[in-house]
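The values are calculated or read from the model by the stated rules, or taken from the named source; none is laboratory data. Remember, predicted model here, so these are calculated numbers, not experimental data. For neighbour counting, all protein chains shown are included, and Cβ atoms are generated from backbone atoms with ideal geometry for every residue, glycine included. Areas reflect the complete protein model, heavy atoms only, side chains present, ligands, DNA and RNA absent. Shrake-Rupley method; radii C 1.70, N 1.55, O 1.52, S 1.80 Å.
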Amino acid sequence: RTNDQLVAFLSRYRDMNFLKSHGRDNARFIRKQGLDRLFLECDTHMWRLGDRKIPEGITVDGGSDWFLLNRKFVEYVTFSNDDLVTKMKRFYSYTLLPAESFFHTVLENSPFCDSMVDNNLRITNWNRKLGCKCQYKHIVDWCGCSPNDFKPADFHRFQQTARPTFFARKFEAVVNQEIIGQLDYHLYGNYPSGTPGLRSYWENVYEEPDGLGALSDVALTMFHSFSRLGLRRADASFHAAGDNSCRYYPMGHPVSIHLYFLADRFQGFLIRHHATNLAVSKLETLETWVMPKKVFKIASPPSDFGRLQFSEIGTEWDAKERLFRNFGGLLGPTDEPVGMQKWGKGPNVTVTVIWVDPINVIAATYDILIESSAEFTHYKPPLNLPLRPGVWTIKILHHWVQVAETKFLVTPLTFSNQQPIKQEEAIKFHSGPPKNAYMEQSFQGLNPVLNIPVSAARADQARRNAGLVGARLDAWVDSLVSSVWSAVDICSVGPTACPVLQGCAQTAWSSLSPDPKSELGPVKPDGRLR
């Protein structure tokens, strides 16, 4: 649809208001929306305060908070002092999701009631089996539903719309960009052969003007380490004996951070950073691409248990889209990691999951019943903090035979409140939980059974590492980071004294590489961008 088509449609129906109603039993809608409860937002949390009565003498309605309202009705809602508008504004001031009901209710009980059209001109990708996972309990005392992102399997929905439709939601390129490409092709045809960047997606997560406060200490620690890994890669790949033109010393904080995806797979981080070229003592701006190493391994020889397809540890698990929103799984000592497993179809089984810290303390063990139809399971063990820094191992067993394992890094912190960490803080964050007790229950007796030896030398080394600061702490962090991340490439943002360093705009991966699909020019006479 072009903008002209939308203008023509709304001009034809300029006296109408387009809202989508819930279309179900009204009493059930009131209960599900919590309209019969009092809510108040305070300290970034929506608190449920108690029960209340629905005002008498009005029809309560609601549905989608995406709608198109005409000027007459908007002026009425904004400026009218009549009883209906005044009372409804007061009632909906203490409502969980007021925009999903206020306009519907006022419209249907006002002199404008005949102007309502039960269509908000949108397709919304509802999948209530996935979208009603109650995943926002940490910010709201209620459980609601949210639509899913469109994926290629949903494409038929765009071709089957009978009612007038101009918009669709949700689209999210970090979840799936292919569907956007499909729509693009459907509307405009193919790009010319050889067009760069068609399957790539870059998302900026930090820019210098945001200020360091926009980055957590974990992220700042990791991004500094990634920059140093990139400089080591330049030294190893481009350095010739007696020539310092491709050797660098890191300078300052990261300038810019991007997530990088290719063919809808996370490819790692792109870190733009400053460094001094040692040959000419001049500051240069470089960009480093770091990619996570593969840490999930099926047992060798493989067991006859074939249902497990993948396992990963992270934070910010999105049960609706089935991914970790903390891309790359950057974790520090005070994070609360979640273990996720992906399953194929098969018989009901019970598996055992064991969490092992970097000095072979068994931190947690639990069983999961995997039903035949289960596709994903996730669980956050209630571990005592701080977690010991280093590489952790998760073992997955079936009948106490290991079927797979995965690893994850808990990074030591080189920063605390965006400042270089002091020794007393380092010792507090890097020594693991008091008495090595991650839970009230000790799992020490399982070490010999699982052949996980406890090493006094490892424990001593961990104690020494806990007090590191400055360059020695950086070196420890870099050794850990390089065990689970690799610097794939590095490029130059501007002029460089290193003759073999590629310019970022000439690469296929850099945040500065060409991306024609994302370039928006002026709107054409026919109302289209392309």
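With +1 on the Cβ of every Lys and Arg and -1 on the Cβ of every Asp and Glu, and nothing else charged, how large is the dipole of the range 300-469 about its Cα centre, in debye rounded to the nearest 20?
Numbers: 16 positive and 16 negative charges, 60 e Å.
That gives a dipole near 300 debye.
What whole number of Å gives the distance from the Cα centroid of the range 176-211 to the Cα centroid of the range 281-298?
22 Å
Can you find, among Ile368, Ile452, Ile421, the residue farthest towards the positive end of the dipole of the range 300-469? Put +1 on the C-beta of Lys and Arg, -1 on that of Asp and Glu.
Ile421
Which sequence of His224, His239, His430 reflects their accessible areas, 1.4 Å probe, from the largest down?
Details: His224 30, His239 65, His430 5 Å².
From most accessible down to least: His239, His224, His430.
Would you mind checking the tilt of helix 470-484 against the longest principal axis of the Cα atoms of the chain, expressed as 0 to 90 degrees and rounded to 10?
Orientation of helix 470-484: about 70 degrees from the principal axis.
Just to confirm the filter: which chymotrypsin sites (Phe, Trp or Tyr not before Pro) across the range 388-459 are DSSP coil and have at most 13 other Cβ within 10 angstrom of their Cβ? Working shown, then result.
Working: sites: Trp392, Trp400, Phe408, Phe415, Phe429, Tyr438, Phe443; in loops: Trp400, Tyr438, Phe443.
Passing both the DSSP loop test and the Cβ count: Trp400.
Among DSSP beta bridges whose residues both lie in the range 3-120, state the antiparallel percentage, nearest 5. Please report the intermediate quantities before stating the final value.
Working: 8 of 11 bridges.
Antiparallel: roughly 75 percent of the beta bridges in the range 3-120.
What residues have an amide H closer than 5 Å to that of Phe310, excluding those fewer than 5 places away on the same chain, when H is modeled at 1.01 Å from N in the peptide plane?
Amide H to amide H, under 5 Å and 5 or more residues apart or across chains, Phe310 pairs with Lys342.
When only DSSP loop residues count, what trypsin sites (Lys or Arg not before Pro) in the range 407-470 have their Cβ near at most 16 other Cβ atoms within 10 Å? Numbers along the way, then the final one.
Working: sites: Lys407, Lys422, Lys428, Lys435, Arg458, Arg463, Arg464; in loops: Lys422.
Of the trypsin sites (Lys or Arg not before Pro), the ones in loops of the range 407-470 whose Cβ has at most 16 other Cβ atoms within 10 Å are Lys422.
Give me a comma-separated list of calculated 3J(HN,Hα) values for the range 342-357, in order, Karplus coefficients 6.51, -1.76, 1.60 applied at θ = phi - 60°, integers in Hz, x for any Gly or Pro.
Per-residue couplings from phi come out as 10, 10, x, 5, x, x, 4, 9, 10, 10, 10, 10, 10, 9, 10, 7 Hz.
With θ taken as phi - 60° and the coefficients 6.51, -1.76 and 1.60, list the Karplus ³J(HN,Hα) couplings across the range 517-530 in order, rounded to whole Hz; mark glycine and proline as x.
Ordered by residue, 3J(HN,Hα) equals 5, 9, 8, 9, x, x, 5, 6, x, 7, x, 9, 8, 10 Hz.
How big is the antiparallel share of DSSP beta bridges in the chain, given as a percent to the nearest 5?
On the way: 81 of 90 bridges.
Counting DSSP beta bridges with both partners in the chain, the antiparallel share is about 90 percent.
Please give the solvent-accessible surface of Val356 in Å², to the nearest 10, using a probe radius of 1.4 Å with every protein chain present.
0 Å²
Of the accessible area of the chain, with the probe set at 1.4 angstrom, what percent is carbon plus sulfur?
52 percent
Of all the stretches in the chain, which is the longest one without any exposed loop site, taking GluC sites (Glu not before Pro) in a DSSP loop (any state but H, G, I, E, B) with at most 16 other Cβ atoms within 10 Å? List each step's numbers first, then the result.
Numbers: sites that count: Glu56, Glu172, Glu316, Glu371, Glu375, Glu440, Glu519.
Longest gap between qualifying sites, sites excluded: 173-315.
Would you mind checking which residues have amide H under 5 Å from Val403's amide H? H placed 1.01 Å from N; only 5 or more apart, or other chain.
Counting only residues 5 or more places away or on other chains, the set is Ile396, Leu397, His398.
For the range 300-469, what does the alpha-carbon gyration tensor say about shape, rounded, prolate or oblate, given a ≥ b ≥ c as the root eigenvalues, a/c under 1.5 as rounded, and a/b over b/c as prolate? Don't jump to the answer; show the numbers that get you there.
Details: a/c = 2.51, a/b = 1.52, b/c = 1.65.
Oblate shape, in that a/c is at least 1.5 and b/c is the bigger or equal ratio.
Summing -39500 (n - 2.57) over the DSSP H runs of n ≥ 4 in the chain and dividing by its residue number, what mean residue ellipticity at 222 nm do you reach, to the nearest 500 deg cm²/dmol? Don't skip to the answer; put the middle values down first.
On the way: 13 runs with 123 residues, N = 530.
Only helices count here, giving -6500 deg cm²/dmol.
Taking Rg and Dmax of the Cα atoms in Å as the quantity of interest, determine which of [x] 27.9, 88; [y] 56.0, 189; [z] 32.6, 110 was computed from the displayed structure.
[x]
Using Cβ-Cβ distances only, list the Cys residues of the chain with no partner cysteine under 4.7 Å, sorted by number.
Among the cysteines of the chain, those whose Cβ sits 4.7 Å or more from every other are Cys42, Cys113.
So what is the accessible area of the chain per residue, in Å², with the probe set to 1.4 Å? Working shown, then result.
On the way: 27580 Å² over 530 residues.
Accessible area per residue: 52 Å².
With θ set to phi - 60°, apply the Karplus curve 6.51 cos²θ - 1.76 cosθ + 1.60 along the range 451-457 and write out the HN-Hα couplings as whole Hz, x wherever there is a Gly or Pro.
6, 10, x, 8, 10, 5, 5
Within 10 Å of each candidate Cβ there may be at most 16 other Cβ atoms; applying that plus a DSSP loop requirement, which chymotrypsin sites (Phe, Trp or Tyr not before Pro) in the range 1-96 survive? Please list the in-between numbers first.
Numbers: sites: Phe9, Tyr13, Phe18, Phe29, Phe39, Trp47, Trp66, Phe67, Phe73, Tyr76, Phe79, Phe91, Tyr92, Tyr94; in loops: Tyr13, Trp66, Phe67, Tyr94.
Answer in residue order: Tyr13, Trp66, Tyr94.
Take Cys145 and Lys129, extend 7 Å from each Cα along the Cα→Cβ direction, and tell me the distance between the two endpoints in nm.
Going from the Cys145 label point to the Lys129 one covers 1.4 nm.
Between the range 457-530 and the range 86-105, what is the C-alpha centre distance in whole Å?
47 Å
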